[in-house]
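Just below is one structure, and these are the notes that go with it.
The values are calculated or read from the model by the stated rules, or taken from the named source; none is laboratory data. Being a predicted model, the structure only gives us computed values, none of them experimental. Positions of Cβ are backbone-derived with ideal geometry, glycine not excepted, and every protein chain shown enters the neighbour counts. Side chains are part of the model used for accessible areas, which takes the heavy atoms of the whole protein and leaves out ligands, DNA and RNA. Shrake-Rupley method; radii C 1.70, N 1.55, O 1.52, S 1.80 Å.
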Number of protein chains: 2
Amino acid sequence: MTQRIDFQTDPSRYRHWRVAYDGPVATVFMDVDENGGLFDGYQLKLNSYDLGVDIELADVVQRMRFEHPEVGAVVLRSGKDRVFCAGANIRMLGGATHGHKVNFCKFTNETRNALEAAGAESGQRYICAIKGACAGGGYELALACDHIILTDDGATSVALPEVPLLAVLPGTGGLTRVTDKRKVRRDLADVFCSIEEGVKGKRAEEWRLVDEVAPNSKFEERVAARAREFAERAKPANADKGIALTPLQRAFAEDGSVRYSLVEAHIDRSKGVATIAIAGPDGKAPASIAELHAQGASAWILRLARELDDAILHLRLNEPEIGVLVFKSHGDPLEVVAHEKLVADNCKTDWLAREIQLYWKRVFKRIDLTSRSLVALIENGSCFAGLLAEIPFACDRAYMMQGAFEGDNRAAASITLTSANFGPFPMSNDLTRLQTRFLGEPDKVEEAAEAKGKTLEAAEASELGLVTFVFDEVDWDEEVRIFLEERASFSPDAMTGMEANLRFPGPETMETRIFGRLTAWQNWIFQRPNAVGENGALKRYGTGVRGDYDRRRV
Amino acid sequence: MTQRIDFQTDPSRYRHWRVAYDGPVATVFMDVDENGGLFDGYQLKLNSYDLGVDIELADVVQRMRFEHPEVGAVVLRSGKDRVFCAGANIRMLGGATHGHKVNFCKFTNETRNALEAAGAESGQRYICAIKGACAGGGYELALACDHIILTDDGATSVALPEVPLLAVLPGTGGLTRVTDKRKVRRDLADVFCSIEEGVKGKRAEEWRLVDEVAPNSKFEERVAARAREFAERAKPANADKGIALTPLQRAFAEDGSVRYSLVEAHIDRSKGVATIAIAGPDGKAPASIAELHAQGASAWILRLARELDDAILHLRLNEPEIGVLVFKSHGDPLEVVAHEKLVADNCKTDWLAREIQLYWKRVFKRIDLTSRSLVALIENGSCFAGLLAEIPFACDRAYMMQGAFEGDNRAAASITLTSANFGPFPMSNDLTRLQTRFLGEPDKVEEAAEAKGKTLEAAEASELGLVTFVFDEVDWDEEVRIFLEERASFSPDAMTGMEANLRFPGPETMETRIFGRLTAWQNWIFQRPNAVGENGALKRYGTGVRGDYDRRRV
């Protein structure tokens, strides 16, 4: 698995999905190409999926929001006759490294969250129309939809057979959505997760596993009626014409570094560090919402979000040995604030402004959830203002330059807070990053709010508790070097576990529970011989021989 | 590690702790006997601890509540000169099986929760007086106290050096209490957890790591003053004289089965099943609170709690291959209700009634948190009434007999609900077991409340959603057999992960976050070669050579 995984695609390149548009209703067909796996060694039979299939799905969901804002209801269904979806491909999982398994699950989880967010935030609600077997990751995909209709044809069932069949958990949110979203009674959930063949018909509805069961003869009619009903309820305002998400400009270097129009991720392999440099606006903010629409994907604020998102995904999947991500920025903080203001001021009335705002929310969450040490270096000439200030707040630590640096005539390092830091970009725990930061001192959030609009240099930023350390010319280079070396010397696993705990203090949500509790247990199981050992269930799958288990409980 | 671990002890046998009583103030000295380790192969230097040390601590905390209800403030301190506590013993951890590590952490977590509960529920608040190095599990013990005083002697520090030193997490609640209880700012928490030598003096207070720092010359005075102040605030009502927690009557069989006066845990090793049979009252309920006090530890309701608690701990630590616990009961449900009523009616005014009630809360939590499949068999002649009905509600599934069984003249199987099922025994998630069960149908909790006091046989219990399945004579034996065999065939690890997710739907608390998020990540790390492999940090500890890490992040 040394090829570079590419998270960019577009409909002309899809191998596994088709989308049919019919005014406010879109239908997404899952029709996986058996021979279109991302890697060799497995066939994607029965609409099973690998990361490549999910990258396309993420693209479908993303383009639906930007390119087809007129859509108010999306029907998700199978393009194959007798199967809805058999879930994640087992041979792929059996052959994958631990790191790939974990990252695969994380990305698919993020895609399912994005699908749920489309319904909750943009009124693009997903209806899952199930005909044919729907198992494991297939049912988890259904669980992420807003409404599940099951045909009662005597054969179609929903199932989570991972535990009995594979000795792993339904790890793409399945267990959590069964208990937290669908609120299935816990003992029935226990029974459901133990039945390989799943649950059919009325019982699936009684157990709250699906929203409705339709007689097979009425299934199409019912799905169409539901779609119309959902689309009518959505009534997207002024959303007649989308914008095109044109291909990103980017160039990969031999060493894995990548340069976009505004983002550069530079890899220092010997140190285990990638430095992500973010450029502020390269032009004035659009003068009006009409101009923003005209600029479309080339608008600074959207282009940056897409490039940053792609860079993070590239580093996550393709550069596992890069344990530290250093964020820097350069540009004019006032220009950042101006660009952001147009979007923030219009996000209640203009669909594109809203979608840009919501996309940034997802990008920031992607950063929060990245299992690498995150550090912001707030240097002279940087532009961590408004929404870009969320980046240091997302980091494990932020270091800031203080005072004059010889030979450096850039503007003094600063942070500028705006309304962006006080509401629109909650973390998965539903708190803002500043609320999370000041869980023990909520007054500090108020204090920060009073400093909105000010150019906060090191002393003030430190006083307000916005940065971890400030250093002057004498200490800066040395302190940063020591920190990066120290971080690189720690166990990557201990870092992952520590960061997963410290980054999400306080309240939990379904989302944090998926990435915290569920994922952590799944990752543990993904290490256990009972699943992945030579005689484990994942390895033995398809051989006709069951896993041979060490019976000791821990 | 094949010797049987015994969870019963008493002050006459303590090797590691001393307690001094002075009216409303008690002082607990940690003074670990280097040579008193539970297993061979390590010395408990520098007040480091193993499970044996923690079993004694749990006993101290438990006896404080029952035997010394007059105590309102407990000072926890070191009995050694230059060290407070160096945390869990590393050589012990390095040599322990994965299962022992996990169970050790679980028990120590439960002990720390019990210590916190003593302050919150019984007004026995713990003051941690730190003089000398306080690292890792030592600081985690401090974190579980209500108040931390640190001496400012230039040498004393608090530290969580696990990550830099051992490549594991501070796994006994440390990370969670730092963020959730003490609400340390997340970037400062990140720094703190990266510094081997810890944080001293004023900085420890500024970072919220301790409550107060006292000059070394005023330390004793400050500790004494705080203790008096806490004791005065506690003012325990009518708590002049405790009861003695006399030794349990029990007999272990060769095969690991154990018989107490009211509980019998019978092991069927070939099936991987332990059947825990609980006897209802063997006499009338005490006629008065005075009689309850006179009966003391021999009162049915307290005796049963202690025996059940001990049986669960025995099975957890000594019988790892027993994957399924089957709970049965036998006795008169009306008598259970009568015994429980005396305690419930008086728990607001009588300290002993209150302590018995609170102890049951901890016993039920111990069951919830037991990583074995839990099933209740509600048979004819059983007495799952009131508080004992919490047991089937804690189980993953409950099977109930319906109708007449040939040759069985016992009373028909029934469940009786009382106020015990609607408030006094919340789970770690702060919901009752019925609220947790009916997360998706809160009306069902109301419906169940209306059935309080009724003898609910199978049809009614099933209709109310209180049991998973009911079976009559024709199917009972076969269905139970099939279920137990099926359960035994599943991967123990998948069961552990599934149960950890399904048992705790919905809201999280600091407690569930410790057992869910933190513990799951720690367990994952406890499997990783970077920690436990031949070149891992835990194995190399003490050799002077650092761990050699696989640098791939996951």
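Checking A:Ala114, A:Ala129, A:Ala120 one by one, the residue that is of a type in the set (Gly, Ala, Ser) and within 30 Å of B:Thr496 (Cα to Cα) is A:Ala114 and no other.
Exactly one residue out of A:Thr246, A:Thr275 is more than 21 Å from A:Asp10 (Cβ to Cβ), open to solvent by 20 Å² or more (accessible area, probe 1.4 Å) and among the polar types (S, T, N, Q): that is A:Thr275.
Of the residues examined, B:Ser371 is not one that is among the hydroxyl-bearing types (Ser, Thr, Tyr), over 24 Å from the mean Cα position of the chain (by Cα) and open to solvent by 10 Å² or more (accessible area, probe 1.4 Å). Scanning the stretch B:437-467 for residues being more than 20 Å from A:Val184 (Cβ to Cβ) and without any contact (Cβ under 8 Å) to a residue 12 or more places away in the chain gives a total of 2. Please enumerate the residues belonging to the stretch A:405-436 that are free of Cβ contacts under 8 Å to residues at least 60 places away in the same chain and in contact with a Lys or Arg (Cβ under 6 Å, 6 or more places away or on another chain). Result: A:Leu417, single match. Screening A:Ala488 against (1) open to solvent by 10 Å² or more (accessible area, probe 1.4 Å); (2) among the small types (Gly, Ala, Ser); (3) within 12 Å of chain B (Cβ to nearest Cβ); (4) at positive phi leaves a single unmet condition, (4). Of all residues in the stretch A:17-36, those being closer than 17 Å to A:Ser78 by Cβ, part of a strand (DSSP E or B) and of a type outside the set (Gly, Ala, Ser) number 7.
Only one of the listed residues (B:Leu325, B:Leu317) is touching a residue at least 60 places away in the same chain (Cβ under 8 Å) and within 14 Å of chain A (Cβ to nearest Cβ). That residue is B:Leu317.
Screening the stretch B:181-273 for strands (runs of 3 or more DSSP E) wholly inside it with 3 or more residues that are closer than 30 Å to A:Phe438 by Cβ and touching a strand residue (DSSP E or B) at 6+ places or on another chain (Cβ under 8 Å) returns the ranges B:212-215. Scanning the stretch B:65-89 for residues that are of a type outside the set (Gly, Ala, Ser) and open to solvent by less than 30 Å² (accessible area, probe 1.4 Å) yields B:Arg65, B:Phe66, B:Pro69, B:Val71, B:Val74, B:Val75, B:Leu76, B:Val83, B:Phe84, B:Cys85, B:Asn89.
Of all residues in the stretch B:301-322, those satisfying the criterion of being open to solvent by 20 Å² or more (accessible area, probe 1.4 Å) and in a loop (DSSP other than H, G, I, E, B) are B:Pro320, B:Glu321. Selection within the stretch B:411-468: residues that are away from chain A (no Cβ under 11 Å) and of a type in the set (Phe, Trp, Tyr). The member of this set that is most open to solvent (accessible area, probe 1.4 Å) is B:Phe422. Restricted to the stretch A:33-79, and to residues there that are in contact with a His (Cβ under 7 Å, 6 or more places away or on another chain) and touching a residue at least 24 places away in the same chain (Cβ under 8 Å), the residue that is farthest from A:Arg228 (Cα to Cα) is A:Val53. Return yes or no: is B:Ser298 hydroxyl-bearing (Ser, Thr, Tyr) and within 28 Å of B:Met400 (Cβ to Cβ)? Answer is no for this residue. Screening the candidates B:Glu486, B:Glu499 for the property of being under 19 Å from the mean Cα position of the chain (by Cα) and more than 27 Å from B:Cys347 (Cα to Cα) yields one hit, B:Glu499. When each of A:Ala120, A:Ala114 is tested for being open to solvent by 10 Å² or more (accessible area, probe 1.4 Å), out of contact with any helix residue (DSSP H, G or I) (no Cβ under 9 Å at 6 or more places or on another chain) and under 29 Å from A:Gly242 (Cβ atoms), the lone residue that passes is A:Ala120. Across the stretch A:192-214, the qualifying residues are those that are open to solvent by less than 10 Å² (accessible area, probe 1.4 Å) and over 15 Å from A:Ile130 (Cα atoms), and the one among them that is farthest from the other protein chains (Cβ to nearest Cβ) is A:Phe192.
Residue-level check: of (1) among the basic types (Lys, Arg); (2) under 30 Å from B:Gln527 (Cα atoms); (3) in contact with a strand residue (DSSP E or B) (Cβ under 6 Å, 6 or more places away or on another chain), B:Arg77 misses just (2).
Yes/no per residue for (1) more than 14 Å from every other protein chain (Cβ to nearest Cβ); (2) outside any helix (DSSP H, G or I):
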| residue | (1), (2) |
| --- | --- |
| B:Phe364 | yes, no |
| B:Thr370 | no, yes |
| B:Ala376 | no, yes |
| B:Asn380 | yes, yes |
| B:Leu388 | yes, no |
| B:Pro392 | no, no |
| B:Met400 | no, yes |
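Against the criterion of being surrounded by fewer than 18 Cβ atoms within 10 Å (Cβ to Cβ), aromatic (Phe, Trp, Tyr) and either facing chain B (nearest Cβ under 7 Å) or over 21 Å from the mean Cα position of the chain (by Cα) (or both), A:Phe471 qualifies. When the stretch A:150-173 is filtered for residues that are surrounded by fewer than 24 Cβ atoms within 10 Å (Cβ to Cβ), more than 14 Å from chain B (Cβ to nearest Cβ) and either within 26 Å of A:Asp550 (Cβ to Cβ) or not hydroxyl-bearing (Ser, Thr, Tyr) (or both), the ones remaining, listed by number, are A:Asp152, A:Asp153, A:Gly154, A:Ala155.
Do we find that B:Lys218 is buried (at least 17 other Cβ atoms within 10 Å of the Cβ) and not small (Gly, Ala, Ser) in this structure? So B:Lys218 fails the test. Being surrounded by 23 or more Cβ atoms within 10 Å (Cβ to Cβ), more than 7 Å from chain B (Cβ to nearest Cβ), part of a loop (DSSP other than H, G, I, E, B) and in contact (Cβ under 8 Å) with a residue 12 or more places away in the chain is a property that does not hold for A:Phe515.
Scanning the stretch B:500-512 for residues that are at the interface with chain A (Cβ under 7 Å from one of its Cβ atoms), open to solvent by 10 Å² or more (accessible area, probe 1.4 Å) and assigned to a helix (DSSP H, G or I) turns up just one, B:Ala500. Take the conditions without any contact (Cβ under 8 Å) to a residue 12 or more places away in the chain, part of a loop (DSSP other than H, G, I, E, B), under 22 Å from B:Phe515 (Cα atoms) and not aliphatic (A, V, I, L, M) and apply them to A:Arg546. Does it pass? No.
In the stretch A:316-365, which residues are basic (Lys, Arg) and under 21 Å from the mean Cα position of the chain (by Cα)? Those that are basic (Lys, Arg) and under 21 Å from the mean Cα position of the chain (by Cα): A:Arg316, A:Arg354, A:Lys361, A:Arg362, A:Lys365.
Hey, any hits in the stretch B:121-136 for a residue that's closer than 21 Å to B:Phe192 by Cα and within 14 Å of chain A (Cβ to nearest Cβ)?
Scanning the stretch B:121-136, I find at least one residue that is closer than 21 Å to B:Phe192 by Cα and within 14 Å of chain A (Cβ to nearest Cβ), so the answer is yes.
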